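This report refers to the structure that appears directly beneath it.
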Amino acid sequence: VYDSYKEKHKKNMFSNKKESYVIVLDAGHGGIDKGTSIGNLYEKDITLKIATFTKDYLIKQGHTVFMSRDKDILLSLRQIGNFVNEKNPNAFVSIHVNSFKKPEFKGITTYYYDVDGFQKDERIKFAKVLQKNACGNDIWEDRGIRRQNLAVLRYSKVPCVLLECGFITNLSDRKRLQDDEVLKITAQNIGNGIIDYL
């Protein structure tokens, strides 16, 4: 009976052990490329904050995280793709901020892209899971997922998505994008989405 208990306890120990993953995060734009902007509010700064908060959260959960940039520099889309493929992570997320000529547009959208069906099901699955988590806490409007031929996704050979975190051109979204507490919650949601997918 004791041996049976020990074996059962051993199995439970292993089943409760968290899996550790490797993740690459890309803070969109940087350097001379400010991204979309209003006044002194630049996409490149917001994306770096969100990516850094997400990295910190994922590391606390026991995962290994690489960032394409951790300071205000510009990398080409090809360089980002090469960086991702070199690290060969379990998942890659590129973080951006949206804008549109109509100020009523708001919320989060997750983009995926598959070249000739490459990893199509995986990338759709990743996009759906990340979108659901990113829009948690009812902070952001859920704009769903979309397929779009984006270079950073096209160059990357691992499951990947591009997340547009709110519209800088929408007043309510813009307030959220300037609130570090909102960005930290959003980053945690993104982190949980990555973990849920993996």
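Pull up the DSSP beta bridges for the chain and report the antiparallel fraction as a percent, rounded to 5. Restricted to the chain, the bridges split so that about 25 percent are antiparallel.
Taking other residues whose beta carbon is less than 12 angstrom from the beta carbon of VAL115, and scoring Lys, Arg as +1 and Asp, Glu as -1, yields +3. Taking the convex hull of the alpha carbon positions in the chain and averaging its projected area over all directions gives 13.0 nm². Measuring against 32 Å, Cα to Cα, the residue pairs LYS87/LYS132; LYS71/LYS175; LYS102/LYS157 contain LYS102/LYS157 as the ones spanning a longer distance.
For segment 86-143, what relative contact order do you get, as a whole percent, if you take Cα pairs closer than 8 Å and at least 6 residues apart? Averaging sequence separation for qualifying contacts and normalising by length gives 38 percent for segment 86-143.
Sequentially through segment 161-176, phi angles give Karplus couplings (6.51, -1.76, 1.60; θ = phi - 60°) of 9, 10, 10, 9, 8, x, 10, 5, 7, 9, 4, 5, 5, 4, 5, 5 Hz, Gly and Pro residues having no value and appearing as x. Taking all protein chains as present, what is the carbon and sulfur share of the accessible area of the chain, in % to the nearest whole number, probe 1.4 Å? For the chain, the apolar C and S fraction of the accessible surface comes to 48 percent. Averaging the sequence gap over all C-alpha pairs within less than 8 Å and six or more residues apart, then dividing by the number of residues, gives the chain a relative contact order of 26 percent. Rounded to the nearest 500, the helix-only mean residue ellipticity at 222 nm of the chain stands at -14000 deg cm²/dmol, with each DSSP H run of n ≥ 4 adding -39,500 (n - 2.57). Scaling against 2.2 N^0.38 Å puts the C-alpha radius of gyration of segment 79-136 at 1.34. Relative to the current alpha-carbon distance between LYS120 and LEU41, full extension at 0.36 nm per residue lengthens the span by 24.9 nm. Note on segment 26-132: percent of Cα-Cα distances in each 5 Å bin, starting at 0 and stopping at the bin with the largest distance, equals 2, 11, 17, 23, 22, 16, 8, 2, 0. Pairs with C-alpha atoms separated by more than 28 Å, drawn from the list LYS49/LYS120; LYS34/LYS60; LYS106/LYS184; LYS34/LYS120, are LYS49/LYS120; LYS34/LYS60; LYS34/LYS120. Tell me, rounded to the nearest percent, the portion of alpha carbon pairs in segment 73-169 spaced more than 19 Å apart. For segment 73-169, the share of Cα pairs beyond 19 Å comes to 42 percent. Normalised per residue, the accessible area of the chain is 54 Å², obtained with a 1.4 Å probe and no contribution from ligands, DNA or RNA.
The values are calculated or read from the model by the stated rules, or taken from the named source; none is laboratory data. Only a predicted model underlies this, so the values are computations on that prediction, with no experimental measurement involved. Because the Cβ atoms are built from the backbone with ideal geometry, glycine has one as well, and the counts that use them run over all protein chains shown. Surface accessibility is based on the protein's heavy atoms, side chains included, excluding ligands, DNA and RNA. Shrake-Rupley method; radii C 1.70, N 1.55, O 1.52, S 1.80 Å.
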